[in-house]
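Asker: Here it is: the structure, laid out below.
The values are calculated or read from the model by the stated rules, or taken from the named source; none is laboratory data. Nothing here was measured: the structure is a model prediction, and the numbers come from that model. Cβ sites come from the backbone with ideal geometry, for glycine too, and all protein chains shown count toward neighbours.
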Amino acid sequence: MTTEISKTRKIAAWVIAGLLTALYLYSASGKLFLHPEQMEQMHLADWRIIIALGEIVSALLYLFPKTNKFGTLLLSSFMGGAIILHMTGGISLALPVVVLLLVWVGFYLRNPEFFKLK
């Protein structure tokens, strides 16, 4: 059973997905090329390449409609880790929480049938 999605909803979903994908790709490039020293400060220097590749794969899975369910789960896990790092480091939780909410809002806009009870 598929639910028809309005044009406005589709546009909003694509805008959110595109912006989040750009954010995650920028974040991954920072880990790989721009600011690898930040990963050292968090004691994750040995994992920065794996984390960056995970971000890239998760963001791309989230972007495409056929795989965005998997991308949503992976990005949720990723943001859960970011929230824990922010909590243990005494950093504000606002950014990772807002990004996580946007991930799920984008998912809901694209897949409203996922949340319907049968």
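Asker: Give the residue, chosen from L101, L109, L117, L73, that is farther than 25 Å from L44 by Cβ and without any contact (Cβ under 8 Å) to a residue 12 or more places away in the chain.
Answerer: Values: L101 fails: farther than 25 Å from L44 by Cβ; L109 fails: without any contact (Cβ under 8 Å) to a residue 12 or more places away in the chain; L73 fails: farther than 25 Å from L44 by Cβ.
Result: L117 is the single residue among L101, L109, L117, L73 that is farther than 25 Å from L44 by Cβ and without any contact (Cβ under 8 Å) to a residue 12 or more places away in the chain.
Asker: For the range 82-101, which positions are surrounded by 14 or more Cβ atoms within 10 Å (Cβ to Cβ) and either polar (S, T, N, Q) or under 18 Å from V57 (Cα atoms) (or both)?
Answerer: A82, V99, L100
Here is a yes/no grid of residues against (1) in a helix (DSSP H, G or I); (2) under 16 Å from the mean Cα position of the chain (by Cα); (3) within 17 Å of A12 (Cβ to Cβ); (4) not charged (D, E, K, R):
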| position | (1), (2), (3), (4) |
| --- | --- |
| E55 | yes, yes, no, no |
| A59 | yes, yes, no, yes |
| Y62 | yes, yes, yes, yes |
| T72 | yes, yes, yes, yes |
| F78 | yes, yes, no, yes |
| I84 | yes, yes, no, yes |
| S92 | no, no, no, yes |
| V99 | yes, yes, yes, yes |
| V105 | yes, yes, yes, yes |
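Asker: Take the conditions touching a residue at least 24 places away in the same chain (Cβ under 8 Å) and closer than 18 Å to P112 by Cβ and apply them to A13. Does it pass?
Answerer: Values: touching a residue at least 24 places away in the same chain (Cβ under 8 Å): yes; closer than 18 Å to P112 by Cβ: yes.
In short, yes.
Asker: Taking only the range 36-64 into account, find how many residues are over 18 Å from G89 (Cα atoms), exposed (fewer than 13 other Cβ atoms within 10 Å of the Cβ) and not aromatic (F, W, Y).
Answerer: 2
Asker: Here is a list: S29, S76, S6. Which entry is out of contact with any strand residue (DSSP E or B) (no Cβ under 9 Å at 6 or more places or on another chain), surrounded by fewer than 17 Cβ atoms within 10 Å (Cβ to Cβ), modelled with pLDDT of 95 or more and not aromatic (F, W, Y)?
Answerer: Exactly one of S29, S76, S6 is out of contact with any strand residue (DSSP E or B) (no Cβ under 9 Å at 6 or more places or on another chain), surrounded by fewer than 17 Cβ atoms within 10 Å (Cβ to Cβ), modelled with pLDDT of 95 or more and not aromatic (F, W, Y), namely S76.
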